[in-house]
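Novice: What follows is a structure written as structure tokens; I'll ask about it next.
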Amino acid sequence: DLSWCVNDGACAKIGACPAFEEVIVTRKRPPRMRGHQIMLEDIPEPAIDFKGDIWRAWLAGVGGMGIGTAAAILVIAGRHEGYNVQFSDKKGLAIRNGSVYSQLIFTKNDTSAAMTVGYGKADLLLGVDLLEAVRAIDPKAPWRVASRERTAVVVNTDRTPTIRTLMGLDDFRIDELEHMLRQATRPDRFFSCSILSLCERIFGTKLYANITMLGVAYQRGLIPVSLESLKEGIR
């Protein structure tokens with residue numbers, strides 16, 4: 001995958017990379033992007049779907065997808081909005097499909113008891129990788145943070161194969177994973193889309209998927225900050 005590949009040959013050495021030849025393309029001019037053609041002027045301001053004192057979010061993906069960057073943006077945006085912010089990142093094996101998670105908690109008051117998202121307490125599950133997002137509903141796992149009564153979802157449905165999948169040792173189906181996630185989270189606050197493919201088509205790379213998904217979640221009223229605070233986080 002040209003968006004994530006670091007081109008060091010490690011994947012090929014264990015038989016996990018289907019590539020067998022490197023081709024170098026020398027461009028005479030930059031590739032043509034279409035992001036500047038997106039019309040943003042008439043997008044209405046969202047109605048924020050948050051009325052409590054504590055807001056909890058769980059971000060899931062694999063190394064290289066920018067989970068830590070997206071979490072950092074939300075941390076800064078939350079502070080700019082006036083919340084007390086707590087967060088924790090679990091790093092993965094960067095680029096090699098290692099799991100990466102970030103949990104964030106916004107509180108209006110200094111609530112020391114809100115140190116972790118907690119079982120079934122997530123208000124937002126942002127899944128840049130669907131397989132890792134589904135782990136957030138696994139009742140056998142310690143990070144079962146989603147619930148059908150509380151958790152809104154924004155998830156990317158493009159398939160990102162794991163190392164074991166590339167080696168032919170296991171497999172998974174996107175439609176089955178999406179169905180599982182829908183059954184375990186709020187049906188009225190569920191959004192799924194092939195966001196990686198969308199970003200690659202519009203921007204020429206998948207690397208902006210994390211920022212795009214923050215925009216989707218904000219526009220659907222799932223992040224309790226103003227647009228100005230979100231822009232401050234990105235800046």
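The values are calculated or read from the model by the stated rules, or taken from the named source; none is laboratory data. These figures come from a predicted structure and were not determined experimentally. No Cβ is skipped: glycine too gets one built from the backbone with ideal geometry, and neighbour counts run over all protein chains shown. Remember, those area values only see protein heavy atoms, side chains included, never the ligands or the DNA or RNA. Shrake-Rupley method; radii C 1.70, N 1.55, O 1.52, S 1.80 Å.
Novice: Residues with beta-carbon under 10 Å from that of residue 221, excluding residue 221: net charge, scoring Lys, Arg +1 and Asp, Glu -1?
Specialist: Details: positive: 189, 220; negative: 45, 49.
Taking every other residue near residue 221 into account, the sum is 0.
Novice: Please give the solvent-accessible surface of residue 179 in Å², to the nearest 10, using a probe radius of 1.4 Å with every protein chain present.
Specialist: Probe radius 1.4 Å; accessible area of residue 179 about 110 Å².
Novice: Angle, helix 67-81 long axis vs. longest principal axis of the chain, Cα atoms, 0 to 90°, nearest 10?
Specialist: Tilt of helix 67-81: around 30 degrees.
Novice: Putting +1 on Lys and Arg Cβ atoms and -1 on Asp and Glu Cβ atoms, find which of 63, 101, 12 reaches farthest to the positive end of the dipole of the chain.
Specialist: Selected residue: 12.
Novice: Of the options 86, 44, 30, report the single residue whose Cα projects farthest towards the positive end of the charge dipole of region 1-95 (beta-carbon charges: Lys, Arg +1; Asp, Glu -1).
Specialist: 30
Novice: Anyone know which of 30, 46, 224 comes out most mobile in the 10 Å Cα GNM of the chain?
Specialist: 30
Novice: GNM, the chain, Cα, under 10 Å: largest mean-square fluctuation among 137, 14, 163?
Specialist: Answer for the Gaussian network model of the chain: 14.
Novice: So if R0 is 30 Å, what FRET efficiency would residue 109 and residue 49 give, r being the distance between their Cβ atoms, rounded to the nearest 0.05? Provide the component values of the computation, followed by the final result.
Specialist: Details: r = 20 Å, r/R0 = 0.68.
The formula returns an efficiency of 0.90 here.
Novice: If 228, 149 are ordered by their accessible area, calculated over protein heavy atoms with a 1.4 Å probe, which sequence runs from highest to lowest? Mind showing how you got there, number by number?
Specialist: On the way: 228 110, 149 150 Å².
Ranked from most to least accessible, the order is 149, 228.
Novice: Still on this structure, I have one more. Can you compute log10 of I(q)/I(0) for the chain with the Debye formula, treating each Cα as one identical point scatterer, at q = 0.11, 0.15 Å⁻¹?
Specialist: For the chain, the Cα-only Debye profile gives -0.59, -1.06.
Novice: Over the chain, what is the percentage of antiparallel beta bridges among all DSSP beta bridges, to the nearest 5?
Specialist: On the way: 16 of 28 bridges.
Taking every DSSP beta bridge with both residues in the chain, the antiparallel ones total about 55 percent.
Novice: Pairs of alpha-carbon atoms within less than 8 angstrom and 6+ residues apart define the contacts here; what relative contact order does the chain have, in percent? Please report the intermediate quantities before stating the final value.
Specialist: On the way: 412 pairs, mean separation 57.2, N = 235.
Dividing the mean separation by the residue count of the chain yields 24 percent.
Novice: Rounded to the nearest 10 degrees, what's the angle between the helix 174-183 long axis and the longest principal axis of the chain, both from Cα atoms, 0 to 90?
Specialist: 10 degrees
Novice: I've got another one for you. For every helix of n ≥ 4 consecutive DSSP H residues, a contribution of -39,500 (n - 2.57) applies; sum these over the chain, divide by its total residues, and give [θ] at 222 nm rounded to the nearest 500 deg cm²/dmol.
Specialist: Numbers: 8 runs with 66 residues, N = 235.
When only DSSP H runs of four or more count, the value is -7500 deg cm²/dmol.
Novice: Provide Rg over Rh for region 96-235; use the alpha carbon set for both Rg and the Kirkwood Rh (inverse mean inverse pair distance). Mind showing how you got there, number by number?
Specialist: Values: Rg = 15.7 Å, Rh = 16.2 Å.
That ratio is 0.97, to two decimals.
Novice: Let me ask something else. Under a 10 Å cutoff between Cα atoms, tell me which one of 23, 155, 100 has the largest fluctuation in the Gaussian network model of the chain.
Specialist: 23
Novice: A follow-up question, please. May I ask for the net charge around residue 151, where only other residues with Cβ less than 13 Å from the Cβ of residue 151 are counted and Lys, Arg are +1 while Asp, Glu are -1? List each step's numbers first, then the result.
Specialist: Details: positive: 56, 121, 144, 148, 150, 182, 186, 189; negative: 49, 123, 149, 188.
Combined, the nearby Lys, Arg, Asp and Glu give +4.
Novice: For residue 138, tell me the accessible area in Å² from a 1.4 Å probe, rounded to the nearest 10.
Specialist: Accessible area of residue 138: about 50 Å².
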